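The values are calculated or read from the model by the stated rules, or taken from the named source; none is laboratory data. None of the values given here were measured: they were computed from a predicted structure. Cβ placement follows ideal geometry from the backbone for every residue including glycine, while neighbour counts extend to all protein chains displayed.
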Amino acid sequence: MEKKKILVIADHPLSPSGVGTQTKYMIEALLKTGRYKFVCLGGAVKHVDYKQQKVDPYGEDWIIFPIDGYGTPEVIRSILQRERPDLLWFMTDPRFYGWLWEIENEIRCQVPMMYYHVWDNFPAPVFNGPFYKSTDRVVCISKVTQAIVEDVAPESQPLYHPHAVNSNVFYKYKTDEKKAIIKELRERILVESSDNHKNIDKKLFFWNNRNARRKQSGTIIWWFKEWLDIVGHDKGTLLMHTDARDPHGQDLPHIIEHLGVDDGQVLLSTQKVEPEQLADLYNAADFTVNISDAEGFGLSTLESLSCGTPIIVNMTGGLQEQVTNGKDWFGFGIEPASKAIIGSLSVPYIYEDRMGQKDFTAALTKAINVTDKAYKKMSIQGREHVRQNYNFEDYEKTWVKIIDTAIEELGSWETRKGYKRWHLLEVS
């Protein structure tokens, strides 16, 4: 039987971004069936060259075309005619895809469109309604996103399918060999990095995000310093794994030097690392922190929970379904102190959830004073929460089921079903 071909538009699937990682996981799940092949437009990264890439060991079954942005109408028209895919799958914020929905009538008459959707917050974005209604399948990464789509366009019948973590990579280390690695890593971070605040018992707070405005990268340094002024500069270290001078963020080295927290209080990890090395950092940390004012899902905190490291998060977007199951808490969730309506020409309105400094510092103080028994409980329950609700096996199986069903029910080209090229309008 001839393999079905899927055209993918997203971050480059071999890039380390959350969008890229989840795209890669979806592709690999479908490739394992032996019934699919992929043509990807790999965007959102700076490319060394734009040559066609074949991903080993899949060869012709997984081809990537590096592009700037996420594509253009001309690129899509060309690929549709040349590659004749059976389905178009795309992912990330809808503001990047207005141009794609503008030509949905050209695309959907031939192949169905499936959108893996993220939206961070209410009020329900009615302005996204035409996008949802112009898509054959809307798959939502969080419960917040699903509730929003159901509010705006219930007829689209959105599916809930959250991100997942590969527990073969992100897990709590238990062997003597692994424990020795973590002990040595904590020694380097908490003791050797400082001249005056050496303390192997101080808490290590890990922050793994892009250095961008909504991630509040400067805020966390400022507030962390002022918290240390209260409890003592030998009580904690903040390790930030990020681009220290991202053009979309702040000059973090400047802030660290200006605040005088350059003696082991705030450290920067700027080199790109393999997932296994990232798992080392999660295992070494006592807590992983995310205080973003908007967060569709937040993959780093899910990876942290999978490694048994509790989280401290703003109760916004997908973060709120990670830190608690409604009964148990796997760290500390902080309710926003303010919810301001912000917007732009492309996004007229959305809540921006800002946490308050007092609430953040109170959470840090709870973290350094948590008992071993309470910490162990959060760690164990957090891992179980990930295992039950965000496990890798179910993630792969569900993607196969979703796409199998869409291919069968919707067809493509000569077998296209479920799409009308015309609409009846009543004129009074």
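Of all residues in segment 29-50, count the ones that are without any contact (Cβ under 8 Å) to a residue 12 or more places away in the chain and charged (D, E, K, R). Even if it seems obvious, please write down each step before you answer.
Residues of segment 29-50 that are without any contact (Cβ under 8 Å) to a residue 12 or more places away in the chain, as a first pass: 46, 48.
Next, only the ones that are charged (D, E, K, R) stay: 46.
Residues flagged as without any contact (Cβ under 8 Å) to a residue 12 or more places away in the chain and charged (D, E, K, R) within segment 29-50 amount to 1.
Determine whether residue 377 is in the same structural domain as residue 139 (by TED's automatic domain parsing) and not acidic (Asp, Glu). It would help to see each step written out before you state the result.
Working: in the same structural domain as residue 139 (by TED's automatic domain parsing): no; not acidic (Asp, Glu): yes.
In short, no.
Of the listed requirements (1) within 26 Å of residue 145 (Cα to Cα); (2) in contact with a strand residue (DSSP E or B) (Cβ under 6 Å, 6 or more places away or on another chain); (3) touching a residue at least 12 places away in the same chain (Cβ under 8 Å), residue 363 misses just one: (1). Residue 110 meets all of the listed conditions (1) outside any helix (DSSP H, G or I); (2) out of contact with any helix residue (DSSP H, G or I) (no Cβ under 6 Å at 6 or more places or on another chain); (3) surrounded by fewer than 20 Cβ atoms within 10 Å (Cβ to Cβ) but one, namely (2). For beta carbons closer than 7 Å, sequence separation of 6+ or different chains, a first residue in segment 236-263 that is more than 25 Å from residue 304 (Cβ to Cβ) and a second that is in a loop (DSSP other than H, G, I, E, B) and of a type in the set (S, T, N, Q), the qualifying pairs are 263/194; 263/196.
Applying the condition of being under 30 Å from the mean Cα position of the chain (by Cα) and acidic (Asp, Glu) to segment 147-186 and asking which residue is surrounded by the most Cβ atoms within 10 Å (Cβ to Cβ) yields 150.
Number of residues in segment 85-104 that are farther than 13 Å from residue 40 by Cα, assigned to a loop (DSSP other than H, G, I, E, B) and of a type outside the set (Asp, Glu) equals 3. Inspect all residues belonging to segment 234-241 and state whether any of them is touching a helix residue (DSSP H, G or I) at 6+ places or on another chain (Cβ under 6 Å), part of a helix (DSSP H, G or I) and either surrounded by 14 or more Cβ atoms within 10 Å (Cβ to Cβ) or not aromatic (Phe, Trp, Tyr) (or both). No, every residue in segment 234-241 fails to be touching a helix residue (DSSP H, G or I) at 6+ places or on another chain (Cβ under 6 Å), part of a helix (DSSP H, G or I) and either surrounded by 14 or more Cβ atoms within 10 Å (Cβ to Cβ) or not aromatic (Phe, Trp, Tyr) (or both). Within segment 124-164, the set of residues being of a type outside the set (Ser, Thr, Tyr) and in a strand (DSSP E or B) comprises 137, 138, 139, 140, 159.
Scanning segment 243-275 for residues that are in a helix (DSSP H, G or I) and more than 18 Å from the chain's Cα centre (by Cα) yields 252, 253, 254, 255, 256, 257, 258, 259. All of (1) free of Cβ contacts under 8 Å to residues at least 40 places away in the same chain; (2) of a type outside the set (A, V, I, L, M, F, W, C); (3) over 27 Å from residue 326 (Cα atoms) hold for residue 151 with one exception: (3). Evaluation of residue 341 against the conditions (1) surrounded by 12 or more Cβ atoms within 10 Å (Cβ to Cβ); (2) touching a Phe, Trp or Tyr at 6+ places or on another chain (Cβ under 9 Å) shows that the sole unmet condition is (1). Every test in (1) over 18 Å from residue 134 (Cβ atoms); (2) in contact with a helix residue (DSSP H, G or I) (Cβ under 8 Å, 6 or more places away or on another chain); (3) of a type outside the set (Val, Ile, Thr); (4) in a loop (DSSP other than H, G, I, E, B) is passed by residue 51 save one, and that test is (2).
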